[in-house]
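Inspection log for the structure reproduced underneath, given as structure tokens.
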Amino acid sequence: VPDVAIVGGGIIGAACAYELSRAGASVTLIERDELAAGASGRNQGWFVLPEDPALERMARATLPTYLEIAASATLPVWIDREPVGHLLVALDDEDVPRSQVALEAAEAQGVRIRPLDAAELREVEPAVSPDAVAGWLLDQGHRLDPAALTVALALAAKRRAPTSGTTSGCARSSTTGTRSARGHGRRTRARRHP
Amino acid sequence: VIVAAGPWSTSLLDPIGIRLAITGARGWIVRVRPASGTLRHMVEHAGWRVAPERLADVARPSAGSVAEAGMPEAVVGAVLHLHADGTVLVGSSRQPWLTPEPEEPSVPQQMLRAGIRLAPSLADATVTSTWWGLRPMNAGRASVRGNGARRARGRDRPRIGGRDPGRRHRTARNLDRHGWSPAFDAAPFDPFRFAG
């Protein structure tokens, strides 16, 4: 019996498996479909600080782990090593006050913000509409491949196991294992309703 | 046991009496291959980032509102970035998850309209694929995260660790043995904070 059983092979489950196995716990990760079959493999792949201050500390602690995992992964994991910049664009005057929630949250988190007028905006990002009236360049933002990162976290957790073995239908180790219940296609899983 | 099953966590835990205020919100992505040019940054239409809308749009609608106005529409924004393979990923959208099939299959069209308004050259890009997924969401902005050790010690309702005090104690001891403790205050993420 493992110390910890984790139900769900998304990035949260995989990250829990990684951290717990790093702390020495025996972990079994259970996934009915495949790793990153849900939102973890289907999202756009942005890493920016969340607006909610309660999440900030966790987010800041997460990025170094992601970079470390990507650098040591046994599969290619695309993630920007340095922030590429998160550009907020106001397409009309009404967008300016609507941007304040995001800007105030970023400012409170110490993110550097460069306000841009229309001319500066087009210089910084030529693809943006010439109709745009203003922008703000936030010194943050890493693009990443969330599915690859999820798989890499799970594999890294498994690598930390001192011994490994397999049982029928699943890969499992004495310290950290992954159980994947096959037979449900991705579409089947996505169609299920909670 | 850590339940990290996203919007499916609710149906997993409900049979054992744990009721979480987690719902699913459907979101689409469109992948396009630009004919020319590129994006230097992660680019987002500022108007999309309005907190009240972003919170309200995932709430389950009332029967009266559906009877009056129909199924809730997707909230669509323009969120663009250049992927490593040279394609551009176009997001973003959010809609309550109420049926197995997409409630509004025209959302990719709406997203491309919003994306082209933000970056007009995308109109010449080739659409290569589109897909949707389900985000786990709740009525607040913070995620849902239980603190097993504290609950196992009986400082709170004994929902995690079982009703057996000995088992709860052993669970806590095991977690302590592994040096597991939150690196931050877990209180804002309490999964039972939505309980009345």
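The values are calculated or read from the model by the stated rules, or taken from the named source; none is laboratory data. Please read all numbers here as calculations on a predicted model, not as lab measurements. Here the Cβ is made from the backbone with ideal geometry for all residues, glycine too, and neighbour counts use every protein chain on show. Areas reflect the complete protein model, heavy atoms only, side chains present, ligands, DNA and RNA absent. Shrake-Rupley method; radii C 1.70, N 1.55, O 1.52, S 1.80 Å.
Projected label points at A:ARG114 and A:ARG81, each 7 Å from Cα along the beta carbon direction, are separated by 2.1 nanometres. Our note on the geometry: Cα centres of region A:13-44 and region A:67-85, 18 Å apart. Per residue of A:106-115, other chain Cβ atoms within 10 Å of the residue Cβ number 0 on average.
The distance from the alpha carbon centre of region B:1-51 to that of region A:94-152 is 20 Å, rounded to a whole number. Near B:GLY24, the amide H atoms lying under 5 Å from its own belong to B:TRP97, B:MET137; only residues 5 or more places off or on other chains count, and H is placed 1.01 Å from N.
Packing here is the average count of other Cβ atoms within 10 Å per residue, and on that basis the peptides B:85-92, B:39-46, A:53-60, A:31-38, highest first, run B:39-46, A:31-38, B:85-92, A:53-60. Residues in region A:74-138 average 50 Å² of solvent-accessible surface per residue, probe 1.4 Å, ligands and nucleic acids excluded. Our coupling estimate for region B:2-18, obtained by passing each phi through the Karplus curve with A = 6.51, B = -1.76, C = 1.60 and θ = phi - 60°, is 10, 9, 10, 9, x, x, 7, 4, 4, 6, 6, 8, 4, x, 9, x, 9 Hz, Gly and Pro reported as x. To the nearest 10, the accessible area of A:TRP46 is 60 Å² with a 1.4 Å probe.
What the phi angles of region A:58-75 give under the Karplus curve with 6.51, -1.76 and 1.60, with θ = phi - 60°, is a coupling list of 5, 5, 4, 6, 6, 4, x, 5, 4, 5, 5, 5, 4, 6, 10, 5, 8, 10 Hz, glycine and proline written as x. What the phi angles of region B:22-36 give under the Karplus curve with 6.51, -1.76 and 1.60, with θ = phi - 60°, is a coupling list of 10, 10, x, 10, 7, x, 10, 10, 10, 9, 10, 10, x, 6, 7 Hz, glycine and proline written as x. Residues whose amide H lies under 5 Å from that of A:ILE30, counting only those 5 or more places away or on a different chain, are A:ILE6, A:VAL7, A:GLY8, A:ARG179; hydrogens are built 1.01 Å from N in the peptide plane. Take each residue in A:22-28, count the other chain C-beta atoms within 10 Å of its C-beta, and the mean is 3. Near the amide H of B:VAL127, within less than 5 Å, lie the amide hydrogens of B:ARG33, all on another chain or at least 5 residues away, with H placed in the peptide plane.
Of A:ASP131, A:ASP139, the residue with the largest accessible area leads and the full order is A:ASP131, A:ASP139 (1.4 Å probe).
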